[in-house]
1. Looking at Cys558 and the list (1) in contact (Cβ under 8 Å) with a residue 60 or more places away in the chain; (2) crowded, with 17+ Cβ neighbours inside 10 Å, which single condition is not satisfied?
2. For the stretch 613-649, which residues satisfy the criterion of being open to solvent by less than 50 Å² (accessible area, probe 1.4 Å) and closer than 20 Å to Leu260 by Cα?
3. Could you check how many residues of the stretch 428-442 are under 11 Å from Pro505 (Cα atoms) and surrounded by fewer than 13 Cβ atoms within 10 Å (Cβ to Cβ)?
4. Please name all residue pairs, on different chains or six or more residues apart, with Cβ atoms under 6 Å, provided the first residue is in the stretch 486-510 and is open to solvent by 40 Å² or more (accessible area, probe 1.4 Å) and the second residue is of a type in the set (Lys, Arg).
5. Can you name the residue in the stretch 524-547 that is open to solvent by 50 Å² or more (accessible area, probe 1.4 Å) and not aliphatic (A, V, I, L, M) and is also nearest to Thr276 (Cα to Cα) among such residues?
6. Strands (runs of 3 or more DSSP E) wholly in the stretch 460-544 with at least 3 residues that are hydrophobic (A, V, I, L, M, F, W, C) and over 15 Å from Phe621 (Cα atoms) - which ones?
7. Determine if the stretch 264-280 includes at least one residue that is part of a strand (DSSP E or B), open to solvent by 70 Å² or more (accessible area, probe 1.4 Å) and either among the β-branched types (Val, Ile, Thr) or touching a residue at least 24 places away in the same chain (Cβ under 8 Å) (or both).
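The values are calculated or read from the model by the stated rules, or taken from the named source; none is laboratory data. Since the model is a prediction, treat every value here as computed from it, not as a measurement. Ideal geometry is used to build each Cβ from the backbone, glycine not excepted, and the neighbour counts take in all protein chains shown. SASA here: full protein model, heavy atoms, side chains in, ligands and nucleic acids out. Shrake-Rupley method; radii C 1.70, N 1.55, O 1.52, S 1.80 Å.
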Amino acid sequence: MPSFKPNLSPPEKAFRVAEISKDSKSRQAPPAVLNTRPQQVTKAIISLPIPIPDDRPRPPRRNNSTPQQPPRYANPTPQRPPRFANPTLQQLPRNSTVPQPIHAKFVRPRTPPTVDKSYRKPTRLTKNPFSTPSYNSSSSSLASLAPSISEKFKFSLAVNPNEWDLSDHRNDQPEADDYLHNPDPNRDRRKDRGGSIFNVRAITNLGCVIILIIGLVAFFAGYPLLDYFLHNPLPTFGGYNLGGINDTGQIPTMTGGWSLIDRDTPKEAYTKPSYTWGGDQELQLVFSDEFNVDGRTFYPGDDPYWEAVDLHYWGTNNLEWYDPAAITTKDGNLVIKLDKKDTHGLKYEGGLLASWNKFCFTGGLLEVSAVLPGSSDIYGLWPAIWALGNLGRAGYGATLDGMWPYTYDTCDVGTLKNQTLNGQPAINLRGNDKDHGGNLSFLPGQRLSACTCEGEIHPGPRRKDGNPEAGPFVGRGAPEIDILEATVDKRTRTGHISQSGQWAPFDARYVWKNTTENMIIHDPASTKYNSYIGGIYQQCTSGLVTTDQDCYEHNTGCHSVYGFEYRPGNDGYITWISNGKSTWTLMADGMGPNPTNKIGQRPVPQEPLYIIANLGMSYNFGDIAFKELKFPVHMMIDYIRVYQPKDQINIGCDPKDFPTQDYINTYIEAYTNPNITTWAGYGQKMPKNKLIDNC
């Protein structure tokens, strides 16, 4: 309810009811309350003081446009305003004789009263805030009086309070909100005992809490689990880690948009027909390096796919030290140099580059375009481009011990040391390697065989065929396939390459089933069967191929295309390529079971293979014409490309079917320290084999 503060002087305490109508022409007493009952009656009683105007003249205004602000108090000591200066709710006793403020019941009239439009709100206070306002003699409206309550709320008030109708405001009449204030012991006792928790409100609250808990669990536990199982892992692009970074975790600083496929690879080279099946099978490019950026280096951490070793390759009694400084790129070629140089106690320095644990592939075509070092008529150099299973690192003897060149998944005597059990089969002990007492094998046995006992460390995978004769794991190894090992015939002074595969365990006398069905020579004029078939450390299936005699460094220096295409498994094959043409093919049946010395099928390598290119010398490979060789010599590679059938893409060094990463990380010192030459020297034991150990 709005407050009303009339300008009354302290002595003036008279009260009256006034109503101002719009059409009133003069000041008059307010009309009496109608006898008829009003339509709407409020339950409030208001104390309304009515000012008595005086005719005292107002102070003159100043000449300026801004009216003078009156002082806060005109008198030094202002008197207390009337008790009921503001309308307040108060109930008046009916028979009181004491002068009381006027009380009124507000009645909304049927027809709204009119208000004099000449009325205007006072623009300034009188000098004395407690003085009464003056009336304009020429108008019946108040000159400075604010609108009255009756005018503002359209109510008519009777002068006599006894005439007010208070029948609707008696204390004995119930009101709608009485239950909030009136105590009820019975009702309150029932409510104090509480109610049932099984009601709509309780169930709703509990449901909201449950939904909130489920949401939190789903967000903090469910989402990470779903992301783990449904999210595709970030690719390593065939490398050791994300994005193909090297095994040290270093990211190479390289310009250009490097990826698995070199941007300089011609578009027409993105696909090509199979060398084995021709147009019946199209192969897709999955990796390439064109080596078009000059000055590349291959120290650890320099390159995402390649790393040069820094070691002596003692396993084949090489005469040189392999140093990363011997490998670079120049004029669009990878250049591996062999030079006469005193280093690390040796007189020669060469280079070996490998993609070990960075880029690997399983199945498909590995193709290179290369210039062979030296001349086609000077013998003694040993350039090689080859592939090896990722579980064995070239030059790191401990990793190869019991791993190279095994490709075997049968639990029998072929997994054991010297390939014998209690001196049997006897054929494995005589008539084989004439330089070593006729023994067939000096290998220590397959370290990660199909006979490995449960609980032994093994990279997996576990067997799915349920073969009761085998152990729980698939046999693993580090097999080798050679694109080329270049040699020059000392007698004819003609350049050749050996294109071969190395295998273990061995057939008796190293004789495999080289029938016309299993050994297919595509061009007998340039390819023949290699007479070297193996020794106590390897069995070899090899074709000896005459090269393009011009494609040597000191001849015309042309590039020739070499490679091999293969399909892994017991029904696989390997086809070798020289000068851009197929030379010969080995079918998997050629390495099938051999009941003579009780061994099983040796599958075409199923391990992820990495790529190696090296240039050195060794008497193990043949005689060396030191007087004729002119150092330095260089092997130059224009490109290295890998293709696979479109429906059989399988790249990476840690595939699910043949994992390697966890095992390598477990024995990382053996894979990074070339001075550890044997598994026993590393302080490790061969895993238990169910044929000779208690499992």
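1. (2)
2. Once the filter is applied, which keeps residues that are open to solvent by less than 50 Å² (accessible area, probe 1.4 Å) and closer than 20 Å to Leu260 by Cα, the stretch 613-649 yields Ala613, Ile637, Asp638, Tyr639, Ile640, Arg641, Val642, Tyr643, Gln644, Pro645.
3. The number of residues fulfilling the criteria is 0.
4. none
5. Residues of the stretch 524-547 that are open to solvent by 50 Å² or more (accessible area, probe 1.4 Å), as a first pass: 524-525, 528-529, 531-532, 537, 546.
Then keep just the ones that are not aliphatic (A, V, I, L, M); that gives 524, 528-529, 531-532, 537, 546.
Details: Pro524: 16, Lys528: 18, Tyr529: 19, Ser531: 24, Tyr532: 25, Tyr537: 30, Thr546: 20 Å.
Here the residue is Pro524.
6. Working: elements: 480-488, 495-503, 519-521, 527-529.
The qualifying strands (runs of 3 or more DSSP E) are 519-521.
7. Within the stretch 264-280, the first condition is being part of a strand (DSSP E or B), and the residues that meet it are 271-274, 278-280.
Filter again for open to solvent by 70 Å² or more (accessible area, probe 1.4 Å), leaving 273, 279-280.
Okay, now just the ones that are also either among the β-branched types (Val, Ile, Thr) or touching a residue at least 24 places away in the same chain (Cβ under 8 Å) (or both), so none.
No, there is no match, as no residue in the stretch 264-280 is part of a strand (DSSP E or B), open to solvent by 70 Å² or more (accessible area, probe 1.4 Å) and either among the β-branched types (Val, Ile, Thr) or touching a residue at least 24 places away in the same chain (Cβ under 8 Å) (or both).
Yes or no, residue by residue, for (1) out of contact with any helix residue (DSSP H, G or I) (no Cβ under 7 Å at 6 or more places or on another chain); (2) modelled with pLDDT under 95:
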{"site": "Arg493", "(1), (2)": "yes, no"}
{"site": "Ser500", "(1), (2)": "yes, no"}
{"site": "Ala508", "(1), (2)": "no, no"}
{"site": "His522", "(1), (2)": "yes, no"}
{"site": "Ser531", "(1), (2)": "yes, yes"}
{"site": "Gln539", "(1), (2)": "no, no"}
{"site": "His554", "(1), (2)": "yes, no"}
